[in-house]
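Let me begin by presenting the structure, written as structure tokens, before commenting on it.
Derivation of every value follows stated rules applied to the coordinates shown; laboratory data play no part. This is a predicted model, so every value here is computed, not measured. In this analysis, Cβ positions are derived from the backbone assuming ideal geometry, glycine residues included, and neighbour counts consider all displayed protein chains.
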Amino acid sequence: MMLSGWGRYPRAECRVLAPRDGAEVLGAIAANGSLIARGNGRSYGDSSLNPDATLAMRHRDRFIAFDPTTGTLTAEAGAMLADILSIFVPRGWFPPVTPGTKYVTLGGMIAADVHGKNHHKAGSFGDHVERLELALADGSVVTCSATENAELFAATRGGMGLTGIILSAAFRLQPIETSLIRQETLRARDLNETMALFEDSKDWSYSAAWIDCLAMNGGLGRSLLYRGEHARRDELPRNRRRKPLHLPVPRTRRVPVDLPSYALNRWSVGAFNALYYRHGAIGSELVEFDNFFYPLDAILEWNRIYGRSGLVQYQCVLPKDASRAGLTALLGKIAASGAASFLSVLKLLGPGRGMLSFPLEGYTLALDFRADAANFALLAELDAIVAAHGGRVYLAKDARMPAAMVSGGYPALARFKAERHRADPAKKFASLQSRRLGL
Amino acid sequence: MSAGAVLILGATSDIGRAIAHAYGKSGRPLILAARNAARLQADVADLAIRYGVAARLAEFDVLDTARHAAFLDGLGELPGTVVSVIGFMGDQAKSETDVAAAELVMHTNYLAPAALLAELANRMARRGSGTLIGVSSVAGERGRASNYVYGSAKAGFTAFLSGLRNRLARQGVQVITVKPGFVNTRMTEGMKLPKALTADPAEVGAAVVKAESAGRDIVYVRPVWRLVMLAIRVLPERIFKKTKL
């Protein structure tokens with residue numbers, strides 16, 4: 001079956017197996033020399049592709065146990081975040097960390113050690129995983145946690161599925177009083193103002209900025225910064241207080257066709273970005289959690305707006321003390337190239353843990369580019385800037401970086417390789433990405 | 001809408017699971033019946049956590065027709081709704097040469113589930129209430145070279161449901177025929193199916209629950225299938241026999 005990640009680049013013909021229970025997962029491990037687990041296919045590049053055998057894990061999506069006193073949910077790795085939200089938000093529980101889409105599986109969130117708008121306060125998803133069951137290359141199943149098989153646990157969170165297949169995991173939800181977010185929107189005229197607003201927003205649970213990456217010169221780094229808190233019940237208008245945990249009615253649209261390649265260009269996107277920047281509603285308001293966390297989920301198959309060739313998302317992070325210089329160089333290069341990117345996102349991350357986990361304390365920038373030769377040349381230039389500033393690129397978004405970016409950007413790579421070698425000496429668990437990067 | 005438990009026959013299948021979820025979501029208690037029902041223990045916990053509904057397991061082999069009545073007696077109270085998701089595609093090529101293989105397909109898709117529904121129909125008619133839902137197939141609407149053994153059994157099942165519906169219409173028992181069309185399940189894994197014609201199991205589940213509450217008789221999960229099957233039915237045999245569908 002022809003498969004790709006969310007970016008639809010690259011595509012590869014993969015033999016797909018769809019285990020329904022644990023025994024079938026173990027059977028697939030025994031029967032295949034090389035394989036990788038795939039959740040809902042929302043990593044952007046080639047992390048979840050293996051032509052020899054790709055295991056579609058989303059059929060194993062059962063909830064195994066829930067403890068309403070602690071909020072600990074145990075579920076099979078294929079459980080979808082969207083289902084977790086629709087079941088638990090009405091009961092007053094929310095994921096401890098959520099990425100920018102809810103169409104991801106529990107196993108995928110752990111394998112990419114995803115972060116969200118609350119990373120500066122809450123860390124990444126792996127920080128909230130109490131334990132997980134991992135099926136290893138030799139067919140055994142082990143429990144991993146911060147205290148049990150701790151090295152394997154640290155290698156597995158953010159390990160892109162290369163240590164084994166996550167069968168199930170337990171993680172702790174956070175209590176909420178309402179399903180709404182009290183959101184504040186602030187406008188920043190340039191990079192300095194944007195960074196000052198992030199410093200000013202440290203005590204907010206959630207913060208992220210949409211940045212206009214086509215603005216040049218004095219407007220370089222101009223943005224709208226969104227920060228939010230889970231609204232308390234007493235903050236709701238009287239008519240919502242009776243049902244404070246009400247789920248929003250989903251309103252979705254679908255991108256019906258691949259847009260032609262010329263639809264997105266520096267003028268169309270530039271005009272959109274300028275309009276968005278000027279018309280952002282500055283101030284405070286209550287918004288549905290869906291709109292705050294998952295604005296793009298409302299447009300099903302939005303990846304098609306980049307046309308048939310697909311897109312690559314470039315997400316890097318720079319250490320905090322190098323962030324101002326690095327971001328100035330990155331944004332200058334991107335604006336000068338005119339490469340169209342909607343909704344580039346900037347966020348201040350806290351310190352990271354885990355061996356191949358992406359986060360480190362500093363600023364992360366994420367942008368989309370159409371997958372074409374000109375943009376690949378630009379991304380190579382961005383790589384050089386990131387490397388020169390001691391930063392790294394996010395594996396879950398990557399489809400094209402050279403191996404040197406990983407060895408240079410992830411100081412714990414040697415530790416990861418050692419642990420992986422112990423768990424899987426034959427490199428049975430492999431993806432097109434792991435082969436490309438020599439992981 | 002009739003209340004009471006929902007009995008799902010063939011609950012280990014992808015469509016059976018999806019139907020269980022859809023009824024769980026609506027708050028109905030569930031009885032999951034299948035061979036080796038113990039496999040479904042994890043689903044019982046899952047349904048309880050997700051929807052707060054009680055679910056229990058029942059060991060059941062549709063081919064063991066002699067034990068159908070005892071199976072129903074063992075459930076205790078007669079369920080309010082029964083959904084049969086029993087189906088077995090078999091291998092058409094094998095069915096063409098191996099009588100036993102063909103008979104297994106015919107038994108599993110028609111004779112055995114019809115026997116059970118007959119027993120249920122009598123009990124529901126005596127009670128004066130209930131809903132019987134049979135998941136049949138569009139394959140039963142016209143025999144095609146690629147799967148006519150399976151299709152002929154489903155055709156029998158569809159006709160049986162239609163007859164039951166006619167017989168029970170004035171006795172308070174609702175009979176619904178569901179024709180899902182293509183569905184992304186284990187049975188169709190690896191087949192190249194047209195996206196617009198292919199439903200996810202969750203769509204089938206939602207359609208079944210909706211059909212019961214809306215009092216529908218015949219349900220195509222994706223409406224486009226009504227047109228597709230109309231086209232297939234009206235094609236003159238002279239032309240149809242030369243097609244490769």
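For this structure, a couple of remarks:
- Taking each residue of the range A:52-68 that is facing chain B (nearest Cβ under 8 Å) and looking for partners that are of a type in the set (Ser, Thr, Tyr) with beta-carbon atoms closer than 7 Å, six or more apart or interchain, yields A:Ile64/A:Thr74; A:Ile64/A:Ser168; A:Ala65/A:Thr74.
- Of residues in the range B:28-39 being more than 10 Å from chain A (Cβ to nearest Cβ) and part of a helix (DSSP H, G or I), the one nearest to A:Glu76 (Cα to Cα): B:Ala38
- Selected residue (criterion: nearest to B:Leu72 (Cα to Cα)) from residues of the range B:116-131 that are within 14 Å of the chain's Cα centre (by Cα) and in a helix (DSSP H, G or I): B:Leu116
- Any hit, the range B:86-97, residues being surrounded by fewer than 20 Cβ atoms within 10 Å (Cβ to Cβ), among the hydroxyl-bearing types (Ser, Thr, Tyr) and assigned to a helix (DSSP H, G or I): yes
- If the condition is being of a type in the set (Asp, Glu) and under 17 Å from A:His59 (Cα atoms), then the range A:1-27 contributes A:Asp21, A:Glu24.
- Cross-chain or 6+ apart pairs with Cβ under 9 Å, the range B:43-70 first and within 12 Å of chain A (Cβ to nearest Cβ) and hydroxyl-bearing (Ser, Thr, Tyr), then assigned to a helix (DSSP H, G or I) and surrounded by fewer than 18 Cβ atoms within 10 Å (Cβ to Cβ): B:Tyr51/B:Lys25
- Whichever residue in the range A:1-23 is within 14 Å of another protein chain (Cβ to nearest Cβ) and either touching a His at 6+ places or on another chain (Cβ under 7 Å) or in a loop (DSSP other than H, G, I, E, B) (or both) and, among such residues, is surrounded by the fewest Cβ atoms within 10 Å (Cβ to Cβ): A:Met1
- Listing of helices (runs of 4 or more DSSP H) fully contained in the range A:333-439 that carry 1 or more residues being free of Cβ contacts under 8 Å to residues at least 60 places away in the same chain and within 26 Å of A:Tyr276 (Cβ to Cβ): A:373-388
- Flag for A:Ile87 being under 28 Å from A:Ser140 (Cβ atoms) and either within 12 Å of another protein chain (Cβ to nearest Cβ) or touching a Gly at 6+ places or on another chain (Cβ under 8 Å) (or both): no
- Just one of (1) outside any loop (DSSP other than H, G, I, E, B); (2) closer than 14 Å to A:Leu173 by Cβ fails for A:Val97. It is (1).
- Among the residues making up the range A:24-42, those that are in contact with a Phe, Trp or Tyr (Cβ under 7 Å, 6 or more places away or on another chain), touching a residue at least 40 places away in the same chain (Cβ under 8 Å) and assigned to a loop (DSSP other than H, G, I, E, B) are A:Asn40, A:Arg42.
- Considering only residues in the range A:43-66 that are assigned to a loop (DSSP other than H, G, I, E, B) and polar (S, T, N, Q), the one that is nearest to A:Gln313 (Cα to Cα) turns out to be A:Ser43.
- Filtering A:Gly159, A:Gly221 for residues that are surrounded by 23 or more Cβ atoms within 10 Å (Cβ to Cβ) and touching a Ser or Thr at 6+ places or on another chain (Cβ under 8 Å) leaves a single hit, A:Gly221.
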